[in-house]
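Notes follow once the structure below has been shown.
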Amino acid sequence: MIGKDFLKAGHTPTLASAFFYFDMSFMVWVLLGSLGVQIAKDLDLNAAEKGLMVALPVLAGAVLRIVNGVLVDRIGPKLAGTLCQIVVIAGLLIAWMLKVDTYAGVLAVGLVLGVAGSSFAIALPLASRWYPPQYQGVALGIAGAGNSGTVFASLFAPGLANLVGWQNVLGLATIPLIVAFLVYLVFAKDSPDQPAPKPLSEYLSVLKIGDAWWFMLFYGVTFGGFVGLSSSLTIYFNTQYGLAPVMAGFFTAACVFAGSMVRPIGGALADRIGGIRTLSIMYVVAAAALTVMSFGLADVRMTLGVVIFGMAALGMGNGAVFQLVPQRFRNEIGVMTGLVGMTGGIGGFYLASSLGLAKQLTGSYQAGFLGFAALAVVALVGLTTVKKQWRTTWGAASATVARV
């Protein structure tokens with residue numbers, strides 16, 4: 001997977017810096033989900049309000065990925081990442097100093113955290129541009145494994161909130177963010193292989209290409225499922241099974257760890273057997289897991305096993321999608337990362353908000369889980385529809401160095 005040839009092919013300090021920046025950004029992106037039980041108790045929130053609270057940072061991150069996708073192509077990923085990190089650190093420090101204690105204030109924090117979620121559109125192009133096609137799956141799998149930062153939020157945020165209050169956790173979160181920022185400033189470098197800047201009007205011209213829409217759908221399911229569950233599981237385990245906030249956070253961390261750490265494996269497997277085949281398998285597994293979850297198993301340990309299985313499939317699917325995207329859109333990787341990442345965030349917003357709304361309206365999470373399982377089936381059908389065309393057109397052109 002990672003050998004001497006891979007290490008020589010790119011720029012390891014930049015890859016490591018991209019991972020660390022992405023990791024810490026994702027940690028705070030889902031922070032409101034990890035603190036959701038304590039915030040909801042203090043502010044007396046209902047199920048729908050809790051769903052919106054954890055979903056809003058996901059939606060904000062989705063929209064801002066478009067902005068960052070354009071910025072990456074215009075000013076380079078390093079400068080774009082620098083600006084975003086300053087905004088997130090400053091926003092959390094202001095929220096901590098003001099001691100936000102209203103629902104509107106929490107939603108405003110969620111908008112700031114969306115900037116952290118948009119780091120996806122920066123970290124992946126920063127790493128991708130250093131590596132040739134045959135190493136895209138591994139390189140982007142490593143950089144993309146930064147979504148493991150959600151594990152830290154689930155592990156530590158609920159316990160820290162019990163000790164010092166959830167408002168103070170917002171301030172404490174800036175400490176690892178500042179460390180990551182300094183590492184990024186010192187070690188990250190833009191690749192010399194940068195595409196020439198284009199007029200702004202041309203950046204969204206990729207939307208005229210049908211393949212772009214397919215990739216947006218495919219990632220909307222894989223990453224949308226991952227981040228939607230990452231944001232919602234602490235509240236889900238607390239509400240559905242009565243777990244205390246800290247224990248619910250531990251359960252969530254186990255699920256998120258499974259989904260994030262296998263992302264490089266998904267990318268490497270896609271390099272070996274092809275992204276289309278890998279992604280097809282993952283959709284089947286994810287749809288099955290979500291369907292089982294919808295029935296609300298009586299034993300929380302059985303549910304934990306099912307969720308881990310489903311999250312692992314979604315995580316590997318994330319790696320598989322981004323083994324394919326750079327092969328099809330190498331010269332437009334910045335804006336494509338933004339567009340595809342945007343729909344991933346929209347998928348996460350839909351899942352998180354629909355779970356809260358389903359619970360509020362029906363008293364059960366089932367409709368939310370089944371709706372997203374149906375989307376996975378739709379994505380599988382779409383992938384089956386286009387795979388022959390892809391393999392005989394742009395896939396055939398890249399077959400000498402990478403598998404499609």
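Work out the charge dipole of the chain with +1 on the Cβ of Lys and Arg and -1 on the Cβ of Asp and Glu about the Cα centre, then indicate which of T102, V292, F251 is farthest towards its positive end.
V292
Could you order T12, T392 so the one with the most accessible surface comes first? Probe is 1.4 Å.
My answer, sorted largest first, is T392, T12.
Using a Förster distance of 30 angstrom, determine the FRET efficiency expected from the C-beta separation of I209 and I273, and round it to 0.05. If you can, show how the numbers build up before the last one.
Values: r = 26 Å, r/R0 = 0.85.
Once the sixth-power term is evaluated, E becomes 0.70.
Mind checking which of A268, A18, A196 has the largest fluctuation in a GNM of the chain, springs on alpha carbons under 10 Å?
Taking springs between Cα atoms under 10 Å, the residue moving most is A196.
Grab the other residues whose beta carbon is less than 10 angstrom from that of W130, score K and R as +1, D and E as -1, and report the net.
0
Net charge within 12 Å of D271 by Cβ-Cβ distance, Lys/Arg positive one each and Asp/Glu negative one each, not counting D271 itself?
It works out to a net charge of +3.
Heavy-atom accessible area per residue, the range 28-93, 1.4 Å probe: how many Å²? Each step should come with its number before you reach the end.
Details: 2080 Å² over 66 residues.
Dividing the accessible area of the range 28-93 by its residue count gives 31 Å².
Using a 7 Å offset from Cα along Cα-Cβ at K8, what residues in the range 126-145 end up with backbone N under 17 Å from the label point?
131-135
Filter the cross-link list K208/K388; K8/K78; K41/K359; K4/K78; K4/K388; K208/K387 down to pairs whose alpha-carbon distance in this structure exceeds 23 Å.
Beyond 23 Å: K4/K78; K4/K388.
Would you mind checking the tilt of helix 149-164 against the longest principal axis of the Cα atoms of the chain, expressed as 0 to 90 degrees and rounded to 10?
In the chain, helix 149-164 runs at an angle near 20 degrees to the longest axis.
Compute the long axis of helix 263-273 from its Cα atoms, compare it with the longest principal axis of the Cα atoms of the chain, and write down the angle in degrees, 0 to 90, nearest 10.
Approximately 30 degrees, to the nearest 10.
Counting only heavy atoms of protein chains, what accessible area per residue, in Å², does the range 159-313 have with a probe of 1.4 Å?
Here the residues of the range 159-313 average 40 Å² of exposed surface.
At q = 0.14, 0.17 Å⁻¹, work out log10 I(q)/I(0) for the range 303-352 with the Debye formula, treating every Cα as an identical point scatterer and leaving solvent out; two decimals please.
-0.45, -0.62
Keeping every protein chain in place, order W130, W96 by accessible area at 1.4 Å, biggest value first, i.e. largest first.
Values: W130 55, W96 95 Å².
Greatest to least solvent exposure: W96, W130.
If you roll a 1.4 angstrom probe over the protein chains with everything in place, what fraction of the accessible area of the range 167-233 belongs to carbon and sulfur, to the nearest %?
Answer for the range 167-233: carbon and sulfur cover 73 percent of the accessible area.
Would you kindly derive the ³J(HN,Hα) couplings of the range 231-237 from the backbone phi angles with the Karplus curve 6.51 cos²θ - 1.76 cosθ + 1.60 (θ = phi - 60°), listing them in order in whole Hz, with x for Gly and Pro?
Along the range 231-237, the couplings run 6, 9, 5, 4, 5, 4, 5 Hz.
Name the residue from V54, L185, L93 whose Cα lies farthest towards the positive end of the charge dipole of the chain, charges +1 on Cβ of Lys and Arg and -1 on Cβ of Asp and Glu.
Selected residue: L185.
Determine the calculated [θ] at 222 nm for the chain from helices alone, applying -39500 (n - 2.57) to every DSSP H run no shorter than 4 residues and normalising by the residue count; nearest 500 deg cm²/dmol. Mind showing how you got there, number by number?
Details: 21 runs with 331 residues, N = 404.
The helix contribution divided over the chain gives -27000 deg cm²/dmol.
How much of the accessible area of the range 1-40, probe 1.4 Å, is carbon plus sulfur, in whole percent?
In the range 1-40, the share of accessible area belonging to carbon and sulfur is 65 percent.
If you count, for each residue, the other Cβ atoms within 10 Å and average over each peptide, how do 150-158, 67-75 line up from highest to lowest?
Ranked from most to least packed, the peptides come out as 150-158, 67-75.
F372 accessible area, nearest 10 Å², 1.4 Å probe?
0
I need the shape label for the chain. Rule: rounded when a/c is under 1.5, else prolate if a/b > b/c, else oblate, with a, b, c from the alpha carbon gyration tensor.
Taking the square roots of the gyration eigenvalues as a ≥ b ≥ c, the chain is oblate.
What's the extension gain from T385 to L185 if we count 0.36 nm per residue and subtract their Cα-Cα distance?
Difference between extended and current length: 67.6 nm.
The values are calculated or read from the model by the stated rules, or taken from the named source; none is laboratory data. This one's a predicted model, so the numbers in the text were calculated from it and none came from an experiment. Positions of Cβ are generated from backbone atoms using ideal geometry, with glycine treated the same way; all protein chains shown enter the neighbour counts. Protein only, heavy atoms only, side chains kept; ligands, DNA and RNA dropped before computing areas. Shrake-Rupley method; radii C 1.70, N 1.55, O 1.52, S 1.80 Å.
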